[in-house]
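A short write-up of the structure that comes next.
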Amino acid sequence: MFENLTDKLQRVFKNLRGQGKLTQEHVDGALAGIREALLEGDVNVGVADELLAHIREKALGSEVLLQLSPDQQIIKIVRDELALLLGKHAKPLFASRPPSVWLIVGLQGSGKTTTTGKLAKWLAAHGHRPLVVSTDVYRPAAREQLIQVAKAIGVVCWPGAGTDKPLEIARGAIREAKLSAHDVILVDTAGRLHIDDTLMEELSTLKRELTPAEILFVADAMIGQDAVRSAGEFHRRLGLTGVVLTKLDGDARGGAALSIGKVTGAPVKFVGTGEKYDALDAFYPDRIVSRVLGMGDVLSLIERAEHTVDAKQAAELERKLRRSEFTLEDFRDQLRQIRKMGPMEQVLGMLPKIGPLANIPKDVQVDESRLQRIEAIINSMTTSERNDHGLIDGKRRKRIARGSGTSVQEVNQVLKQYLQMRQMMKQYGSLAAKGRLKGLGKLTGAS
Amino acid sequence: MFPIFKKSEGSLLDRLKQSVSKTRSQIAAKVEDLVSGEKKISPELLTRLENALLAADIGPKTTHQILEAVRQKLERHALNNAADLKAELRSQILYVLRTVPAAPNGSSGATQEPRPHVIFVVGVNGTGKTTTIGKLAHRLRQDGRSVVLAAGDTFRAAAIEQLAVWAARTGAEIIKTKSGGDPAAVVYDALFAACARKADVVIVDTAGRLHTKSNLMAELDKMKRTAARIVPGAPHDILLVMDATTGQNGLSQAREFMATAGVTGIVLTKLDGTAKGGIVVAITRELGLPVQYVGTGEAMEDLVPFDAETFVSSLFD
């Protein structure tokens, strides 16, 4: 998501590398580059300039005396400033007495209804009983959309039939929630312009009458300079408690997150990262800042890997690794687990672009269908073949190719990849035994 | 472009001007204040102008280029005061927007008009594709043309229902399938039906897709090939719907949709907010893709042909 901003800053810092001390020239050169990167990344121009002023002051001030290399110094200062802007990781809020109301607001097309569905799924996965309700009485088929979304993820939607007054619909949902013991009510609202007085007033009324625990502003990660105005106005009228940044699975740099953080002070609580309803991640400001600065979002990736990889399976794998029993069956399990983690582009995008991974092209295209073919090939083997690859002779290869609808060459390739990986796993196994590479090892070993 | 707007568009230009006047009160008034306050051209004034252009989402590269041209004139002492400077800025942006052929509204295509005329409407999620289609259909129906809408967004929940509401509102026919169906099959059915009924125009709705998802972009290509098999030369127009609040990512969107979907023009939506849509200046400059229509609200009538002069005026006058 922030790749391009990351690239730019890295280029700036590369120029700084090898210099002894920070001079005014260095600082100004770096700042000019950082400014352009921030602007290209859609950070608001006012916010960017304010940020740069702070950075310049700090860079030229007492901290110059620190025994750090110039790029380390600037990285540290920039990181601190960005982190300050994004605030701390914030947990979602609940009312002291359920049901809690979460009001979902934003401009048209920012992704409120999809986000409402994702939040409901997230809440259900975290032991809550959410009820969703749409108060969008304006856009054609908007309420129907939420009904269908709720059906798809298996949560209850209050249809609010018989009225087209947003407040009445929401009140009906609250009554229903109390009757059937739902503890969170997600109130989806119509998209509106922040300068639309009538509709903004409608939101104020909803806030006053429903006393929501959360008022979440849904913002498109692709939004530009205007983010400060729209978010600022929503905040002024409603007092936002959090932000959900959507469509981060594209190539938008998402500098709007910084702008919105600056004008509202409201923390980003979730990010939307895909079309599926489970593509909602918690937002960790320090990780995003690390990512902006080229350290990658490794933590977030590990969290996802841990979520996907079955703990038992992992333990079993580790045992096998120690004893070098990594079979084709395990190879297939690994493939499946990787695929469960989401699209490969997304997984690769979260890795840091430094060290051994620096040479992965940033727009790398992973052919998901190739993974499917590999799996088909392994599926076409017998259990004994999978447990002992040595059995697979030419004749068996032909049969496997026919069975999986591939060619012998492809089967050979898969076997070769498996052997290479086995080799890698062996090395990893000895490292793991020494207690290094926790978590991430599962991943690098399998990729 | 298909002659959707036959009549003189004077009143519509006023509408754009009206709706963008809110916009004007934000940035452009700022520019106005900037220049009217002082007579002399100071470095501070230039910096403030630069920031105003940046705040309009024109982007650092294009802003830099425009200001560079202005600086050159300054050095040649061709600009004497702040008013000259403003005029120069204005003409520089107009120059960028005019270097691409303007969209011919209501004049071209009179000799050999393909029938049905097929329009694809594409874009990332949430830019206003379906609403734009409703407005386009309304304009065409006002002009007495028969319109078939193809509900090609079979992915998003209730997208088909949403388009059906617009079809009913505008008196267009709608061809649809089940949610989750094959969008190319919808294109096939819609074009087949349109040919049989001798409809004038088919507008194909498509699911919103991020331009970085190659599988979804390939799906668009399949829809296009299907269209061409039934109506040679179709789709005749491929409109990229872009939200005026879009920042620098708009360039990436336009680039990808041009490369893989062969987009022929932009519809800039939601200009009734405070966003200026300045990214289209950068897109036109870098990619030569023209803006064809502007969306200014949620009513059926809120779609007007793009006019560079009006657009720039509403920024600077």
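The values are calculated or read from the model by the stated rules, or taken from the named source; none is laboratory data. Quick caveat: nothing in here was measured; it's all calculated off a predicted structure. Because the Cβ atoms are built from the backbone with ideal geometry, glycine has one as well, and the counts that use them run over all protein chains shown.
Scanning region B:117-131 for residues that are of a type in the set (A, V, I, L, M) and either assigned to a loop (DSSP other than H, G, I, E, B) or surrounded by fewer than 23 Cβ atoms within 10 Å (Cβ to Cβ) (or both) returns a single hit, B:VAL124. Selection of region A:189-202 for residues being touching a residue at least 40 places away in the same chain (Cβ under 8 Å) and away from chain B (no Cβ under 14 Å) yields only A:THR189. When restricted to residues that are in contact with a strand residue (DSSP E or B) (Cβ under 7 Å, 6 or more places away or on another chain) and either within 12 Å of chain A (Cβ to nearest Cβ) or acidic (Asp, Glu) (or both), region B:255-281 contains 6. Going by what's in this entry, would B:SER214 be described as surrounded by fewer than 24 Cβ atoms within 10 Å (Cβ to Cβ), within 14 Å of chain A (Cβ to nearest Cβ) and either in contact with a Cys (Cβ under 8 Å, 6 or more places away or on another chain) or within 10 Å of B:ASP153 (Cα to Cα) (or both)? No, not satisfied.
In this entry, A:LEU186 is excluded by the filter for residues that are closer than 16 Å to A:TRP102 by Cβ, assigned to a helix (DSSP H, G or I), of a type outside the set (Phe, Trp, Tyr) and in contact (Cβ under 8 Å) with a residue 60 or more places away in the chain. Residues in region A:35-46 that are hydrophobic (A, V, I, L, M, F, W, C) and surrounded by fewer than 22 Cβ atoms within 10 Å (Cβ to Cβ): there are none. Residues of region B:132-163 that are in a helix (DSSP H, G or I) and within 21 Å of A:LYS112 (Cα to Cα): B:THR132, B:ALA159, B:ILE160, B:GLU161, B:GLN162, B:LEU163. From the list A:ALA231, A:ALA227, the lone residue that is buried (at least 24 other Cβ atoms within 10 Å of the Cβ), at the interface with chain B (Cβ under 9 Å from one of its Cβ atoms) and either on the phi > 0 side of the Ramachandran plot or small (Gly, Ala, Ser) (or both) is A:ALA227.
Residues satisfying the criterion are present in region B:66-84 (criterion: in a helix (DSSP H, G or I), surrounded by fewer than 19 Cβ atoms within 10 Å (Cβ to Cβ), within 14 Å of chain A (Cβ to nearest Cβ) and modelled with pLDDT of 85 or more). For region B:202-211, the criterion of being at the interface with chain A (Cβ under 10 Å from one of its Cβ atoms), crowded, with 18+ Cβ neighbours inside 10 Å and assigned to a helix (DSSP H, G or I) is met by no residue. So is A:LEU131 without any contact (Cβ under 8 Å) to a residue 60 or more places away in the chain and within 10 Å of chain B (Cβ to nearest Cβ) or not? So A:LEU131 fails the test.
Can you pull out the residues in region A:134-151 that are in contact (Cβ under 8 Å) with a residue 40 or more places away in the chain and outside any helix (DSSP H, G or I)?
In the first step, residues of region A:134-151 are kept if they are in contact (Cβ under 8 Å) with a residue 40 or more places away in the chain; the result is A:134-139, A:142, A:146, A:149.
Result: A:SER134, A:THR135, A:ASP136, A:VAL137, A:TYR138, A:ARG139.
Determine, yes or no, whether A:GLY429 is over 30 Å from A:ASP251 (Cα atoms), at pLDDT below 90, part of a helix (DSSP H, G or I) and small (Gly, Ala, Ser). Yes.
Let's see how each residue does on (1) out of contact with any strand residue (DSSP E or B) (no Cβ under 8 Å at 6 or more places or on another chain); (2) within 11 Å of chain B (Cβ to nearest Cβ):
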| position | (1), (2) |
| --- | --- |
| A:ILE104 | no, no |
| A:GLY117 | no, yes |
| A:HIS126 | yes, no |
| A:VAL137 | yes, no |
| A:VAL184 | no, no |
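Mind listing just one residue for me: the one in region A:214-224 that is outside any loop (DSSP other than H, G, I, E, B) and not charged (D, E, K, R) and, of those, nearest to the other protein chains (Cβ to nearest Cβ)? Among them, the one singled out is A:ILE223. Note on region A:265-291: residues that are modelled with pLDDT under 90 and outside any loop (DSSP other than H, G, I, E, B) amount to 9.
Suppose the filter is crowded, with 17+ Cβ neighbours inside 10 Å and in a helix (DSSP H, G or I); does A:LEU85 pass it?
Yes, satisfied.
Scanning for something of a type in the set (Lys, Arg), away from chain A (no Cβ under 14 Å) and more than 30 Å from B:THR246 (Cα to Cα), does region B:186-197 turn up at least one residue? Yes: one or more hits.
Take B:VAL241 and decide whether it is touching a residue at least 12 places away in the same chain (Cβ under 8 Å) and either surrounded by fewer than 21 Cβ atoms within 10 Å (Cβ to Cβ) or more than 29 Å from A:GLY250 (Cβ to Cβ) (or both). No; evaluated as a whole, the condition is false for this residue. Of everything in region A:106-115 that is touching a Ser or Thr at 6+ places or on another chain (Cβ under 8 Å) and in a loop (DSSP other than H, G, I, E, B), the residue that is nearest to the other protein chains (Cβ to nearest Cβ) is A:GLY109.
So that you can scan it fast, the table gives a plain yes or no per residue for (1) out of contact with any helix residue (DSSP H, G or I) (no Cβ under 7 Å at 6 or more places or on another chain); (2) not in a loop (DSSP other than H, G, I, E, B):
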| position | (1), (2) |
| --- | --- |
| A:GLU168 | yes, yes |
| A:GLU201 | yes, yes |
| A:SER204 | no, yes |
| A:PRO212 | yes, no |
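Put simply, of A:ARG322, A:ARG253 the only residue that is in contact with a helix residue (DSSP H, G or I) (Cβ under 6 Å, 6 or more places away or on another chain) and either at pLDDT 85 or above or surrounded by fewer than 16 Cβ atoms within 10 Å (Cβ to Cβ) (or both) is A:ARG322.
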